[in-house]
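Below: one structure, written as structure tokens.
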Amino acid sequence: MEQKPLRIVLTGAPGCGKGTQARILSARANICHLSTGEMLRAEAAKDTPFGRSLKDSLERGEFATDEMIVDMVSRRIDEPDCRNGFILDGFPRTLPQAESLETILKQKKLQLDCVIEIQVPDEIIMDRILGRYSCAKCGEGYHDKNIKPKVYGVCDKCGGTEFIKRADDNRQTVKNRLVNYRQLTYPTISYFEKLGLLHCVDGTGSIENTANKIAEILGLNEEK
């Protein structure tokens, strides 16, 4: 039996676990994980005027323009690997982006199935972000307290021995990002609620527990 495409938005404050849960859900439901943050960081790594300007903005905890992100997402979901569905992680960040998403999906004769907000208090978010780091070779993510390599100093995935922290993972930038989230992104929550798409999940438990709650909302736990 062919799987019905799933088109999902994962939302919540920076550091709530969207990326981790999106990767788990992507593997579980066999759908694309579209991280606008990763797409933007790839652009920021390029030595171009736009890339350098974007890098400066990201390191200050600011966001790229709505127009650029909407165009980037619209082109991405047209690619063949998104036919089975997708998870939007980090988009939409603003109310205009949310409205634009609805517009471009209608133009493509597609629709969202679900918007899941992962709820985590600010103090826990701060601890999570300040403690996270990744393998410099393959990008596998870790945390000082919660997700350590099985062998100290060695990446579980590729065996790499060099690790990096994101330049914007510092206390002041995290505070700025949380303020931006409250001002810019939180209005999208009520927008999706009015559309009847919103489901809220407590993200303060274990990664597995949160993943199971999301799977239950989507009916994936019932699949054999």
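Read the figures in this text as sums done on the coordinates, not as results from a lab. All values derive from a computational prediction rather than experimental measurement. Don't worry about glycine lacking a Cβ; one is built from the backbone with ideal geometry, like all the others, and counts go over all protein chains shown.
Quick notes
- Candidate cross-link partners of K157 among the aspartates and glutamates, defined by an alpha-carbon separation under 14 Å and a same-chain spacing of 8 or more, comprise E140.
- Order of I124, I164 - criterion: other Cβ atoms within 10 Å of each residue's Cβ, fewest first: I164, I124
- The lysines within cross-link reach of K175, meaning a Cα-to-Cα straight distance under 20 Å and a gap of 8 or more places when in the same chain, are K18, K55, K165.
- 12 Å reach of a label modelled at R41, 7 Å along Cα-to-Cβ, counting backbone N of region 135-156: 135-142
- The chain - mean residue ellipticity at 222 nm from DSSP helices (-39,500 (n - 2.57) per run, n ≥ 4, rounded to 500): -13000 deg cm²/dmol
- The chain - charge dipole about Cα centre, Lys and Arg +1 at Cβ, Asp and Glu -1, debye rounded to 20: 280
- Distance between region 43-62 and region 151-224 - C-alpha centres, whole angstrom: 23
- Taking F163, F50, F91, F192 and counting other C-beta atoms within 10 Å, the order from fewest to most: F50, F163, F192, F91
- A crude spin-label estimate for the pair Y133 and K175, with each label 7 Å from Cα along the Cβ direction, gives 2.4 nm.
- FRET efficiency, 1/(1 + (r/R0)^6) with R0 30 Å, evaluated for H199 and M126 via beta carbons: 0.75
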